[in-house]
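Structure record follows, encoded as structure tokens.
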Amino acid sequence: MPEGHSVHRIARQFARNFVGRAVVASSPQGRFAAGASAVSGQTMVESWAVGKQMFLKFESGEWIRVHLGIYGAWDFAGSVELDDTIASANGRMGQTNMRGTVLDADGENSLSSIGAPRKSRLRMAESEKSSELESFPPEPVGQVRLRLLTDSVCADLRGPTACELLNEDQVQAVIAKLGPDPQHDSGKRAQQKFVERLRKKSTPVGILLMDQSVVAGIGNVYRAEMLFRAGLDPYKPGNKLTLDEANALWKDWVKLLSIGVETGQMMTMDGLRGKKWEAAMANRADRHWVYKREGLPCRKCGTNIRLEMMASRKLYWCPSCQT
């Protein structure tokens, strides 16, 4: 399932390519025909995300909410323009002070693919991959729930968990149920809300970080990496966390989410320079402390990384460093 950084990147692409333009909406699959018809021909006026939820607003005041879930993805096609913020990063993040194109073997990056050449097709979900496009607009491929089309760009949505038409009150009701997202609200109030919700329950912190009502956007990768970076036992009850521990988790999430949005990759290792940084950006195995490293020695202490199931999700952690 795409984690928060991916959904923010998709929202930015809509802001760059659709906001301020008249949009023809359709549902080739037919399952969202009424919703598509309600906004078709209108100008899109807003595009943003909270956690794993994305919201597209139209001039009538109606919204489309999309949750990609496990199988959902957006395909962009046509003259796709690169989001300014992502383009300006050009592979350079504050922790590395490095420049250069980010190339990832698994297609997780987008600095080469998101700014795809004219007449291209770009898929955005947890990974981002591009290919050449022979004609525009392309014929719908597969079960396209929603197609959004301008005179130069097409976006096809397939396999989402949710795609629905909402009014303003309904949008606010959805957001009210979500925990804070530092890309949507990075203020002190958001941090305080996170800390209060995290420390309120006796549920293990490893479960709470995946609870979208506690904090929006964290998935399995960020959960494992943040807990390792904090040196926290995943089974420690939330109400046993100190204020310092809870505040530190929020600040780390602010940092890691920002890196993910700018690079398209869940880079969680600090202090990498030169060839090590390039290797980490090119290969997922070189940019995580514990995620998918079960049975391998911990990068810090040498203890084998453990893989366990926590609330039906895979948990990766070091039993020595995280005590």
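Once the chain from Ala230 to Asn167 is taken as fully extended at 0.36 nm per residue, the excess over their C-alpha distance is 18.7 nm. Panel order for Phe136, Phe18, Phe76, Phe194, by other beta carbons found within 10 Å of each beta carbon, from fewest to most: Phe136, Phe18, Phe194, Phe76.
Excluding Leu146 itself, calculate the net charge of residues whose Cβ lies under 14 Å from the Cβ of Leu146, where each Lys or Arg counts +1 and each Asp or Glu counts -1. Present the calculation step by step, with values, prior to reporting the outcome.
Numbers: positive: Arg31, Arg65, Arg145, Arg147, Arg158; negative: Glu62, Asp75, Asp156, Glu164.
That sum, taken over residues with Cβ under 14 Å, equals +1.
About its Cα centre, the dipole of segment 179-317 is roughly 180 debye, where the only charges are +1 on Lys and Arg Cβ and -1 on Asp and Glu Cβ.
Each residue of segment 202-209 was assigned a 3J(HN,Hα) from its phi angle through the Karplus expression (A = 6.51, B = -1.76, C = 1.60, θ = phi - 60°), giving 8, 5, x, 4, x, 8, 4, 5 Hz with x at Gly and Pro.
Starting from the Cα-Cα distance between Ala34 and Ala285, subtract it from 0.36 nm times their residue separation and give me the gain in nm to one decimal. Can you show the working numbers first?
Working: separation 251, 0.36 × 251 = 90.36 nm, distance 4.43 nm.
Answer, rounded to one decimal: 85.9 nm.
Given their separation in residues at 0.36 nm each and the Cα-Cα distance between them, Ser320 and Asp244 gain 25.3 nm when the chain is fully extended. At R0 = 45 Å, how high is the FRET efficiency between Val254 and Glu139 if r is their beta carbon distance? Nearest 0.05 is fine. With a Förster radius of 45 Å, E is 0.60.
Segment 210-323: D in µm²/s via Stokes-Einstein (Kirkwood Rh, Cα pairs, 25 °C, 0.890 mPa s)? This corresponds to a translational diffusion coefficient of 167 µm²/s.
Determine, for Leu232, Leu307, Leu209, the number of other Cβ atoms within 10 Å of each Cβ, and report the residues in order from fewest to most. Working shown, then result.
Numbers: Leu232 21, Leu307 15, Leu209 25.
So the residues, fewest neighbours to most, are Leu307, Leu232, Leu209.
Work out the charge dipole of segment 179-317 with +1 on the Cβ of Lys and Arg and -1 on the Cβ of Asp and Glu about the Cα centre, then indicate which of Cys301, Phe228, Leu249 is farthest towards its positive end. So the residue we want is Cys301.
None of the figures in this text is laboratory data; all of them are computed from the coordinates on show. This structure is a prediction, so every number in the text was calculated from the model and none was measured. Using ideal geometry, Cβ is built from the backbone for each residue, glycine included, and neighbour counts are taken over all protein chains shown.
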